[in-house]
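Written out below as structure tokens is the structure these notes cover.
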């Protein structure tokens with residue numbers, strides 16, 4: 001069985017770069033995305049052209065338990081999960097005085113609660129596999 005990595009936010013930016021780099025290193029890749037299915041499909045095609053398996057799955061971190069289910073879905077499609085790149089997140093530039101509570105709660109849900117739920121699900125799958133794994137949390141700068 002091949003080693004497999006899952007990258008949240010893998011359809012663009014840092015996530016896309018991480019997915020392609022891991023594929024070049026020999027990993028099969030699962031790409032979780034919120035929007036931009038065509039971008040995710042394009043990244044998957046690049047990975048397939050490298051001779052690696054690629055799978056995509058929509059994911060909404062505003063719904064943490066459902067988002068975590070996408071980790072299970074991608075793990076099943078790939079056969080395992082050995083690396084989890086917890087990359088997806090939002091970056092909102094707004095002054096403290098102008099920030100709304102609604103926007104603040106959205107940021108917390110996506111960047112903290114959603115990331116926690118997905119990371120925990122990935123860790124549980126890695127432990128259950130008996131082979132461990134690696135979890136990488138990307139930090140987005142403001």
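Read the figures in this text as sums done on the coordinates, not as results from a lab. Keep in mind it's a predicted model, so treat the numbers as computed, not measured. Virtual Cβ from ideal backbone geometry, glycine too; neighbours counted across all protein chains shown.
List of remarks:
- Considering only 83, 43, 127, the mean-square fluctuation computed in a Gaussian network model of the chain, springs between alpha carbons under 10 angstrom, is largest for 127.
- Using a simple spin-label model with pseudo-atoms 7 Å out from Cα toward Cβ, residue 21 and residue 106 lie 2.9 nm apart.
- Between helix 13-24 and the chain: long-axis angle, C-alpha atoms, 0 to 90°, nearest 10: 10 degrees
- Percent breakdown of C-alpha pair distances by 10 Å bin, ordered from the shortest bin, for the stretch 40-87: 24, 53, 21, 1
- Nearest-0.05 FRET efficiency for residue 116 and residue 96, computed from C-beta distance (R0 25 Å): 0.55
- A Gaussian network model of the chain, with springs between Cα atoms under 10 Å, assigns the largest mean-square fluctuation among 94, 118, 57 to 94.
- Per-residue ellipticity at 222 nm computed for the chain from its helices equals -14000 deg cm²/dmol, with DSSP H segments shorter than 4 residues left out and the rest contributing -39,500 (n - 2.57).
- The share of alpha-carbon pairs in the stretch 1-95 lying farther apart than 18 Å comes to 37%.
- Short-range pairs are left out: with C-alpha atoms under 8 Å and at least six residues apart, the relative contact order of the stretch 4-137 is 27 percent.
- Our estimate of slack between residue 128 and residue 35, defined as 0.36 nm per intervening residue step minus the Cα-Cα distance, is 30.4 nm.
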